[in-house]
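Asker: Right, I'll just put the structure down here and ask away after.
The values are calculated or read from the model by the stated rules, or taken from the named source; none is laboratory data. Since the model is a prediction, treat every value here as computed from it, not as a measurement. Because the Cβ atoms are built from the backbone with ideal geometry, glycine has one as well, and the counts that use them run over all protein chains shown. Side chains included, ligands, DNA and RNA excluded: accessible areas come from the protein's heavy atoms. Shrake-Rupley method; radii C 1.70, N 1.55, O 1.52, S 1.80 Å.
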Amino acid sequence: METRELRYFVAVAEELHFGRAARRLVMAQPPLSRAIQRLERRLGAVLLRRTPRAVVLTEAGAVLLREARVALDAVEAAERRTVRAAVDRPGVVLAAKAGASSELLSTLLAAYAAEPGAVPVEVVLCGPGEPETLLRNGSADLALLHRPFDSTSGFDTEELCTERQVIVLPSGHPAAARSGLSMAEVAALPDLPLVRWRRRDGSFPDGPGPQVGNYSQLVQLIGLGRACALVPESLRAQLGDAYATVPVSDAPSVTTVISWPPHSRSRAVAELVRLATEIQS
């Protein structure tokens, strides 16, 4: 399969509409339809079921969509890393979620700066899901990721720490006095719906809570008494007196990992990984 064909298929599979996909690809619809038909004939599989009212992914189409995204990410990453390698400027890019792992990140950068031969480290702080994206598309050399929310598939990783989650509430809320809550009790809070984080594809989960894309929005909404949020326990240190945290007994634990592409030969990446594991040991 050609990269061009994968891009065509992904556009149709995501839009589920040939006309919208054609506009997204800046091409006419008939050649796009013919390209998808040729791809289906070559694979011997129906990828999309077309009806007068809708386009629906088949099971085979869902598999190809998942694999095509990975393949296209790999191609884009190869292009970016090659261009960056051609620039005669030493340094690495470290991606991390804004507001998360702040103490670890600060300690890691200070420890690395003291190492002989340390190169500049550009830190990119971004929203949920974005560090993984930057690492996959070649914009970052390594990233701090958080399982189970981020996928580390295809990366080399070292686990740094595992922590429980807490619910963040306005300090004056009646539930703030509790010693613990369950997920069911959190979901039943009548006046404080859970925020809905933006997914990697830009969409949001269904639910009554407000949509958030970054830590600043999260903190302000909770301070206004409009929402609550489930966060790793380490975020407690960044919250002021206006906020309270309560452990949630059955919330999944969060594991922070440092991740990098398996083919990396960067000495700086290796040193940062070594220091991160030593700091957390």
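Asker: Filter the stretch 109-132 for residues that are part of a loop (DSSP other than H, G, I, E, B) and open to solvent by less than 50 Å² (accessible area, probe 1.4 Å); which is nearest to Pro90 (Cα to Cα)?
Answerer: My answer is Val119.
Asker: Would you mind telling me which numbered condition in (1) assigned to a helix (DSSP H, G or I); (2) charged (D, E, K, R); (3) surrounded by fewer than 17 Cβ atoms within 10 Å (Cβ to Cβ) Glu271 fails?
Answerer: (3)
Asker: List, please: which pairs have Cβ atoms under 6 Å, are six or more places apart or on different chains, and start with a residue in the stretch 111-126 that is farther than 30 Å from Arg198 by Cβ and modelled with pLDDT of 95 or more and end with one that is surrounded by 15 or more Cβ atoms within 10 Å (Cβ to Cβ) and not charged (D, E, K, R)?
Answerer: The qualifying pairs are Ala111/Leu275; Tyr112/Ala118; Tyr112/Leu272; Tyr112/Leu275.
Asker: Among the candidates Arg53, Arg80, single out the residue that is over 25 Å from Gln217 (Cα atoms), outside any loop (DSSP other than H, G, I, E, B), of a type in the set (D, E, K, R) and open to solvent by 30 Å² or more (accessible area, probe 1.4 Å).
Answerer: Criteria check complete, one pass: Arg80.
Asker: Does the stretch 133-150 include one or more residues that are of a type in the set (Val, Ile, Thr), farther than 28 Å from Asp250 by Cβ and open to solvent by 50 Å² or more (accessible area, probe 1.4 Å)?
Answerer: no
Asker: Go through the stretch 20-30 and give me each residue that's surrounded by 12 or more Cβ atoms within 10 Å (Cβ to Cβ) and either part of a helix (DSSP H, G or I) or in contact with a helix residue (DSSP H, G or I) (Cβ under 8 Å, 6 or more places away or on another chain) (or both).
Answerer: Arg20, Ala21, Ala22, Arg23, Arg24, Leu25, Gln29
Asker: Return yes or no: is Ala68 out of contact with any Gly (no Cβ under 9 Å at 6 or more places or on another chain) and either more than 29 Å from Leu160 (Cα to Cα) or modelled with pLDDT under 95 (or both)?
Answerer: For Ala68, the condition - out of contact with any Gly (no Cβ under 9 Å at 6 or more places or on another chain) and either more than 29 Å from Leu160 (Cα to Cα) or modelled with pLDDT under 95 (or both) - is met.
Asker: Let me ask something else. Mind checking which residues of the stretch 201-232 are surrounded by fewer than 15 Cβ atoms within 10 Å (Cβ to Cβ) and either modelled with pLDDT under 90 or of a type in the set (A, V, I, L, M) (or both)?
Answerer: Asp201, Gly202, Ser203, Pro205, Asp206, Gly207, Pro208, Ser216, Leu224
Asker: Please specify each residue of the stretch 160-178 satisfying the condition of being surrounded by 14 or more Cβ atoms within 10 Å (Cβ to Cβ) and farther than 21 Å from Leu218 by Cα.
Answerer: Matches in the stretch 160-178: Leu160, Cys161, Arg178.
Asker: Does Arg265 qualify as being of a type in the set (D, E, K, R) and farther than 22 Å from Ala177 by Cβ?
Answerer: When the stated conditions are applied, Arg265 passes them.
Asker: Test each condition in (1) in contact with a Lys or Arg (Cβ under 8 Å, 6 or more places away or on another chain); (2) at negative phi for Glu163 and report the one that comes out false.
Answerer: Condition not satisfied by Glu163: (1).
Asker: If you scan the stretch 1-38, which residues turn out to be over 24 Å from the mean Cα position of the chain (by Cα) and among the small types (Gly, Ala, Ser)?
Answerer: The answer is Gly19, Ala21, Ala22, Ala28, Ser33, Ala35.
Asker: Which of the residues belonging to the stretch 233-260 are open to solvent by less than 50 Å² (accessible area, probe 1.4 Å), in contact with a helix residue (DSSP H, G or I) (Cβ under 7 Å, 6 or more places away or on another chain), of a type outside the set (Ser, Thr, Tyr) and more than 25 Å from Ala184 (Cβ to Cβ)?
Answerer: Ile258, Trp260
Asker: Here is a follow-up. Against the definition (within 30 Å of Arg69 (Cα to Cα), loosely packed, with under 15 Cβ neighbours inside 10 Å and not charged (D, E, K, R)), how does Thr157 come out, yes or no?
Answerer: Against the criterion (within 30 Å of Arg69 (Cα to Cα), loosely packed, with under 15 Cβ neighbours inside 10 Å and not charged (D, E, K, R)), Thr157 does not qualify.
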